[in-house]
1. With a sphere of radius 15 Å drawn around the Cβ of Ala262, what net charge do the other residues whose Cβ falls strictly inside it have (Lys, Arg +1; Asp, Glu -1)?
2. With θ set to phi - 60°, apply the Karplus curve 6.51 cos²θ - 1.76 cosθ + 1.60 along the stretch 224-232 and write out the HN-Hα couplings as whole Hz, x wherever there is a Gly or Pro.
3. Determine ³J(HN,Hα), in whole Hz, for all residues of the stretch 203-208 in sequence, where each value follows from phi through the Karplus function 6.51 cos²θ - 1.76 cosθ + 1.60 and θ = phi - 60°; x replaces Gly and Pro.
4. If r is the Cβ-Cβ distance from Glu195 to His293 and R0 is 41 Å, what FRET efficiency results, to the nearest 0.05?
5. For the stretch 113-264, how big is the tail of P(r) above 18 Å, as a whole percent of Cα pairs?
6. How much accessible area per residue does the stretch 103-235 have, in Å², with a 1.4 Å probe?
7. What list of whole percents do you get for P(r) of the stretch 178-289, with Cα-Cα distances grouped in 5 Å bins up to the one holding the largest distance?
8. How big is the shadow of the Cα convex hull of the stretch 233-303, averaged over all directions, in nm²?
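The values are calculated or read from the model by the stated rules, or taken from the named source; none is laboratory data. Note that the coordinates shown come from a computational prediction; the quantities given were computed from them, not determined experimentally. Don't worry about glycine lacking a Cβ; one is built from the backbone with ideal geometry, like all the others, and counts go over all protein chains shown. Heads up: the accessible areas ignore ligands, DNA and RNA and are worked out on the full protein's heavy atoms, side chains in. Shrake-Rupley method; radii C 1.70, N 1.55, O 1.52, S 1.80 Å.
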Amino acid sequence: MTVLVEHYVSDSRIEEKKTKEESGDELVLGGGFMVPKSKETDEFDAPDINFLGHTFRDYENGESERQQGVEEFYKMQHIQQTYDFVKDMRKEYGKLNKMEMSIWQCCELLNNVVDESDPDLDEPQIQHLLQTAEAIRKDYPNEDWLHLTALIHDLGKVLLLPEFGGLPQWAVVGDTFPVGCTFDPTNIHHKYFKENPDNNTPKYSTKNGVYSEGCGLDNVLMSWGHDDYMYLVAKENGTTLPQAGLFIIRYHSFYPLHKAGAYTHLMKDEDREDLKWLHVFNKYDLYSKSKVHVDVEQVKPYYISLINKYFPAKLKW
């Protein structure tokens with residue numbers, strides 16, 4: 001059944017207020033979010049540790065209950081994400097028949113979501129979206145498409161909610177990877193792939209698997225989750241975001257590629273160009289996570305104006 005949600009429309013397209021207050025080594029943006037500032041470049045400075053006191057993406061520290069939960073998550077993900085499972089999920093959710101609503105209303109839905117796969121974050125997702133977007137907005141003020149891409153990149157996590165089928169966490173979040181070919185050792189907790197049925201299927205267990213070298217990532221099936229779902233939503237609803245924005249949305253969790261350099265044999269030249277923007281984005285997506293909240297109402301008019309620029313008023317989800 002399709003649920004219709006009323007759309008919020010802002011008549012005022014407010015020009016961005018670049019009110020910045022210097023405070024030591026931090027830059028306070030209009031939404032109240034403090035961005036660590038590099039003394040050398042005057043740009044966003046990635047911190048060394050997260051708010052828990054650990055290095056970012058630390059999957060080896062098993063002392064905390066949260067870390068143990070993250071490992072259990074990846075065990076389930078690596079066993080369950082098969083080539084056939086991904087094909088079934090893309091077919092089902094590609095119908096886009098779950099709901100109709102605006103981008104901003106989807107942002108608000110994420111107040112009900114916490115990503116159990118993330119060892120660096122236990123905040124509602126809307127804060128992570130705005131923290132990422134505001135940090136990018138400071139360093140790339142003229143790339144408004146990148147601000148919006150940051151805001152919406154995780155919206156596919158609504159798949160966790162009952163209205164969207166209430167998929168388990170392992171089918172929505174976490175690092176992504178190609179299915180239909182061998183599981184590269186750079187994948188987090190790679191050992192659990194041994195129990196994945198595809199691992200013992202000859203056509204799926206070679207370097208290229210069902211693909212050909214240089215075929216392009218758009219011809220590769222990725223493990224199912226919020227990345228691919230939001231890519232389908234944006235594309236099928238006719239967004240005017242540039243291709244680099246869609247690439248970021250679809251592959252921002254593909255850490256084996258953009259952090260470890262794996263699976264590059266499947267890329268084509270256009271992928272390599274878009275990957276440059278993904279490397280820019282990833283710095284802000286990963287390191288801007290903070291306990292300092294953005295004032296949502298203060299920044300809302302700016303992001304509503306971008307949504308109206310690049311998306312229709314209502315989208316099918």
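1. Working: positive: Lys207, Lys259, Arg272; negative: Asp175, Asp184, Glu213, Asp271.
Charge balance near Ala262 sits at -1.
2. Per-residue couplings from phi come out as 6, x, 5, 4, 5, 5, 5, 4, 4 Hz.
3. Using θ = phi - 60°, the values come out as 5, 9, 10, 10, 4, 8 Hz.
4. 0.55
5. 62
6. Ligands and nucleic acids excluded, the result is 31 Å² per residue.
7. For the stretch 178-289, the pair-distance distribution reads 2, 11, 20, 23, 21, 13, 7, 2, 0.
8. On the way: hull surface 25.9 nm².
Projected area, direction-averaged: 6.5 nm².
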